[in-house]
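Quick notes on the structure that follows.
The values are calculated or read from the model by the stated rules, or taken from the named source; none is laboratory data. Nothing here was measured: the structure is a model prediction, and the numbers come from that model. With ideal geometry, Cβ positions are generated from the backbone for all residues, glycine too; neighbour counts draw on all protein chains shown.
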Amino acid sequence: MLLVGRQTQRTCQTLARRAFLQVGASSVLGLSLADLLAVRAADRTSGHNPGSAKAVILLWLWGGPSQLDTFDPKPHAPLEYRGPFATIPTKIPGVRFCELFPQLAGLSHHLAVIRTLTSQSNDHGIAGTIGLTGSAAGGTGLDGKPLQGLARPALGSVVAKALSRSRERATAVARQHELHPFFVVGGKLHQGKKTIIGEGGGPLGAAFDPFRLEYDPVTGTKVPALQLPPELTPDRLTDRQQLLQALSHAERRTDELTATGALHDYRARALAMLTNPAAATLFDLSKEPAAVADRYGRTRFGQSCLLARRLVEGGVPFVQVNWSDHVEAEEDSGDGGWDHHYRNFQIMQDRHAMWLDQSMATLLGDLRERGLLGSTLVVAVGEFGREPKVNDKAGREHWPGCYSALLAGGGVAGGRVVGTSDAKAAKPVDTPLSPADLNATVQHLVGLTAEQITSLGLTPVGRVIEELF
């Protein structure tokens, strides 16, 4: 790798900058090839290795959790800031979590905690676009009007597009039978009746929109993109394929104008997944032992995390799990969002904290037991945090000035905290970081360079958070 400013890139030798300097010194000091190999080995074991992550699971905590009531508590702040919850020690010396997260505190030696994320907006829609894409471009303003600039693609779409290039040598038949590289588990994100921009492929095209799965505690996993009409039985799938071919012929001129053929590939992959028994089995959570499903929690989020693990195990490189599709806790969508303007502490104690603690801790433990955590990056984050001072409804308002994220696996070093917030978790004291920085770090960990991102027609944004390695 070569560091130009703060952007981490790769050289053909895939050496980190500090390793490169060490190697340069070795030529002066007359060190041997063995020393060079030792430097490379040390660089790999440090976790600072592009391509460490073969898969990413993004736990999107839509609505914005409170940093003070999760992973950046302030026990010495006045009561009207710190809230009613106590804190508990973690396995990171001197670091404490909110008492509602005992399982994650027990796994903190596998976690990296970022405490100084900041966003540019306190509006869910804009901050959601920024969080998912690294940029406000394409979002909507408070007046509902589009912001200037084209929307950037979702982080999952960028990873999917980049990884698809590495598969270009595969035959067309083999590609059709692969699972789509980007899945979202959960409904489409929205605020009120407004769908959030930035959850899809954007300028990369519809072919890199996510395939969406939805888990319902009553009916199980739904696959909206792959649902068969009731009258279309498996023995009529040949007719369905003929119909798709006819539609493709009718739309050929449109597809030719796009000069990509990407929609045809997307359509073909959808049909392949529809007719592939292995894919159907992958989506079927009834194949999991009841005890495993119980450990994840019989909530929508818990079972969605279990589905994410199954998808990663099946070879999907990017899975986004939406906690809910609406930001507000009282909406009947997902498990209710994290937008706790009122009854924050009651909702945290009765539902949200215990569900997140159980499901994420189980996901990490399950990945570790299966030997997948080292190659799977798990990120838990929302679009912003909550105002430090408690309001008159026992809630917290929007707060983009400082919020937290958890990362584990995929080359990230556990047992560390990045950034320090002030005494009320209102703003960073040091190491302010942006969603663009977090996205750049994820791209780095899956092995994407600035040159590769540029080759997709995108301008690289953010800097790699080297403190995580």
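Table: residues versus (1) under 30 Å from LEU163 (Cβ atoms); (2) among the aliphatic types (A, V, I, L, M); (3) in contact with a Leu (Cβ under 9 Å, 6 or more places away or on another chain); (4) not assigned by TED's automatic domain parsing to the domain that holds ALA86.
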{"position": "ASP325", "(1), (2), (3), (4)": "yes, no, yes, no"}
{"position": "TYR342", "(1), (2), (3), (4)": "no, no, no, no"}
{"position": "ALA353", "(1), (2), (3), (4)": "no, yes, yes, no"}
{"position": "LEU367", "(1), (2), (3), (4)": "yes, yes, yes, no"}
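Results for (1) modelled with pLDDT under 95; (2) over 18 Å from the mean Cα position of the chain (by Cα); (3) buried (at least 24 other Cβ atoms within 10 Å of the Cβ), shown as yes or no for each residue.
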| site | (1), (2), (3) |
| --- | --- |
| ASN122 | no, yes, no |
| THR133 | no, no, yes |
| VAL185 | no, no, yes |
| GLY192 | yes, yes, no |
| GLU199 | yes, no, yes |
When segment 419-469 is checked residue by residue, the ones that are of a type in the set (D, E, K, R) and at pLDDT below 95 are GLU451
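Looking at LEU356, LEU377 in this structure, which one is in a strand (DSSP E or B) and touching a residue at least 12 places away in the same chain (Cβ under 8 Å)?
LEU377
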Residue check: is GLY382 more than 25 Å from ALA329 (Cβ to Cβ) and in the same structural domain as ARG310 (by TED's automatic domain parsing)? no
Starting from segment 65-92, take each residue that is free of Cβ contacts under 8 Å to residues at least 40 places away in the same chain and at negative phi and list its partners that are surrounded by 15 or more Cβ atoms within 10 Å (Cβ to Cβ) and of a type in the set (Gly, Ala, Ser), counting only C-beta distances under 6 angstrom and pairs at least six apart or across chains. ILE88/ALA105; THR90/ALA105; THR90/SER108
Residue, surrounded by the fewest Cβ atoms within 10 Å (Cβ to Cβ), within segment 53-98, restricted to residues that are in contact with a Gly (Cβ under 8 Å, 6 or more places away or on another chain) and aromatic (Phe, Trp, Tyr): TRP60
Selection count, segment 187-221, where residues are closer than 15 Å to GLU328 by Cβ and touching a strand residue (DSSP E or B) at 6+ places or on another chain (Cβ under 9 Å): 7
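Every residue, every condition in (1) surrounded by 19 or more Cβ atoms within 10 Å (Cβ to Cβ); (2) in contact with a Gly (Cβ under 8 Å, 6 or more places away or on another chain), yes or no:
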| residue | (1), (2) |
| --- | --- |
| GLU387 | yes, no |
| GLY401 | yes, yes |
| LEU407 | yes, no |
| GLY410 | yes, yes |
| LYS427 | no, yes |
| VAL442 | yes, no |
| GLU466 | no, no |
Name the residues in segment 289-314 that are in a loop (DSSP other than H, G, I, E, B) and out of contact with any Lys or Arg (no Cβ under 9 Å at 6 or more places or on another chain), would you? PRO289, GLY297, ARG298, GLY314
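What strands (runs of 3 or more DSSP E) completely inside segment 394-465 contain at least 3 residues that are small (Gly, Ala, Ser)?
Fully inside segment 394-465 and qualifying: 403-408.
Say we look at segment 285-327 and pick out the residues that are among the basic types (Lys, Arg) and farther than 23 Å from PHE384 by Cβ; which of these is farthest from the chain's Cα centre (by Cα)?
LYS287
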